[in-house]
1. Take the alpha carbon atoms of the range B:34-109, find their radius of gyration, then divide it by 2.2 N^0.38 Å using N residues; give the quotient.
2. Quick one: with label points 7 Å out along Cα→Cβ, list the inter-copy distances for A:Ala117 in nm, shortest first?
3. To the nearest 20 debye, what is the magnitude of the charge dipole of the range A:166-282 about its Cα centre, counting +1 on the Cβ of each Lys and Arg and -1 on the Cβ of each Asp and Glu?
4. With +1 on each Lys and Arg Cβ and -1 on each Asp and Glu Cβ, how big is the dipole of the protein assembly as shown about its Cα centre, in debye rounded to the nearest 20?
5. For B:His219, list long-range residues whose amide hydrogen, built 1.01 Å from N in the peptide plane, is under 5 Å from its own amide hydrogen.
6. For B:Glu107, what charge total do you get from the other residues with a beta carbon under 14 Å from its beta carbon, if Lys and Arg give +1 and Asp and Glu give -1?
7. Within 10 Å of each residue's Cβ, count the other Cβ atoms and sort B:Asp72, B:Asp194 from fewest upward.
8. Taking the mean number of other Cβ atoms within 10 Å as a proxy for protection, how do you rank B:85-93, B:124-132 from highest to lowest?
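Derivation of every value follows stated rules applied to the coordinates shown; laboratory data play no part. Everything numeric here is computed off the predicted structure, so don't read it as measured data. Here Cβ is always computed from backbone atoms with ideal geometry, including for glycine, and neighbour counts include all displayed protein chains.
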2 protein chains.
Amino acid sequence: MMNEIKSMPAPLILPDSVEITEVGPRDGLQNLGLFIPTEKKIQFIGLVKETGIRHIDITAFVSPKWVPQMRDAAEIVAAFPGEEICYKVLVPNRKGLELAISAGVKEAVAVIGSSEAHNKNNVNLTVAESLAELVLMAAMAKDAGIIIRANIATAFGCDIEGRAPCQRVLGISQELAAAGYAGITLCDTTGVGDPKLTYELCSEVLTKVKNAQIGVHFHQCRGFEFANIYAALLAGVKMFDSACGGLGGCPFAPGASGNIATELLVQFFSKLGISTGVDAARINDCGKFAAQLQKDFYLHAV
Amino acid sequence: MMNEIKSMPAPLILPDSVEITEVGPRDGLQNLGLFIPTEKKIQFIGLVKETGIRHIDITAFVSPKWVPQMRDAAEIVAAFPGEEICYKVLVPNRKGLELAISAGVKEAVAVIGSSEAHNKNNVNLTVAESLAELVLMAAMAKDAGIIIRANIATAFGCDIEGRAPCQRVLGISQELAAAGYAGITLCDTTGVGDPKLTYELCSEVLTKVKNAQIGVHFHQCRGFEFANIYAALLAGVKMFDSACGGLGGCPFAPGASGNIATELLVQFFSKLGISTGVDAARINDCGKFAAQLQKDFYLHAV
């Protein structure tokens, strides 16, 4: 099998700069069994704020019955009234959005699954029913004068239905953008993505959804996750989710994978000459802080 | 920062099939402190052979004083006289090549560092002196009627000199190909590579070195290694080194990274729809076997 390359391949274009959304305080902490004191969370978000990161998912307005870790959402929001940074909160439905608006948030993130099976499991709605809910939420956000974004869960596929058809994800993205969603994040919820699919899906969505910022959210996945990030960069994605210390999932359960560690993501972009505006030393400190939180508040099975 | 993409980016071309070189029996075992009995090594190589892998680095003809783990090189070679599989042995110099030829090998792999500092540390020669040695070795191999290949160590840079200039690596590759080397493997010895550099260097070498098969050898590197492999694929590389179980480095020393695990590499290519001819279940078993070897024969510091 000799080389068959005759002429120099085209240079691959990478963006000059990207934006990182720190999701640790929300996606990273929600699975920890022990309640983290509100002041610890505020300390964590405060440290992240100092790194230069401009987007932080700070909490979620979800039922305290289902996610007791987030029962202090309103207090967290009250602690971060700033304008310079996009402090986002996750809202699963109109009820959550209503609470978030009452608490004074400026930016909310709704969620929809692209897989029927996963969406049913998650929120007990069909994808079409979820879409209808998200359209109503966009109207509520507009009335309240706040920005709304959406996470598309299982955008790369799920363990139940397999690979997600690009056209379905594209269709959902287009409907959300038309409804007024300012940003759409394609989430590889269960770590099934690969760089080929990532490039194809991101290219498709980026070129056909004009009026929303497109981001990606990958989890740790046997070391394949940075190949996915590289593929997303090549497709033109400029917005990346990650969590300090690789928070999320369960560090003690094989197979349950955390988010991409923000400090590693910053290193990766730096190696590629891509600017993030994030201070490397400070984000490393945040990574250590987050790892300690995970260690201190993880409820060990006995 | 809104999307600026107007038209669909070009599809990225991936090869239909690639070849994997299993380096575990050589690169993976050499650092283990306890001597692995020859029959265990033979068992390991035999298991790898059954997976469908066509290239295996089985041992090294190095000084038993420096690498006592490889003192049974001639016995290993005698155990694998087959023609269907490329059983390769590492040879650091003419002396090693002479021993390898006497033992009856059909394929040898020489080594040269692209960094002056690293080459000096490794073999106490300048890069030019090493090149002269490798040219003489190519002539010896030709006389003996065996195939010779070369590994370029620190081809992506090293901790002492930083990033390797592409032109230097290209120059060495061209001289080796002209001297008769059938294959040249660009090795990221210390895990400093990134996908941008990988794409540039591989594109450069693949297009300008016509008469040698070009391969890459990456180590585990904070999860960036699969991004490098993906970039190498995009540049047209079709030959990849890896070691079952991620052998190599030291599993107990932070910072010392092993090779890419062959079983993961096979999974990665499979996800991308790239054929390797390797049986997934069998290579997983080899990974477990290798991990057990590493566990059993690692000399714990006390």
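1. Numbers: Rg = 11.8 Å, N = 76, 2.2 N^0.38 = 11.4 Å.
It is 1.03.
2. Distances between equivalent label points, in nm: 5.3.
3. Values: 8 positive and 9 negative charges, 31 e Å.
Dipole about the Cα centre, nearest 20: 160 debye.
4. 20
5. HN-HN under 5 Å from B:His219: B:Asp188, B:Gly191.
6. On the way: positive: B:Arg26, B:Arg54, B:Lys88, B:Lys106, B:Lys142, B:Arg149; negative: B:Glu19, B:Glu22, B:Asp57, B:Glu83, B:Glu84.
Residues near B:Glu107 contribute +1 overall.
7. Details: B:Asp72 20, B:Asp194 25.
Ranking B:Asp72, B:Asp194 by Cβ neighbours within 10 Å, fewest first, gives B:Asp72, B:Asp194.
8. Values: B:85-93: 23.0, B:124-132: 15.8.
Ranking, from highest mean packing down: B:85-93, B:124-132.
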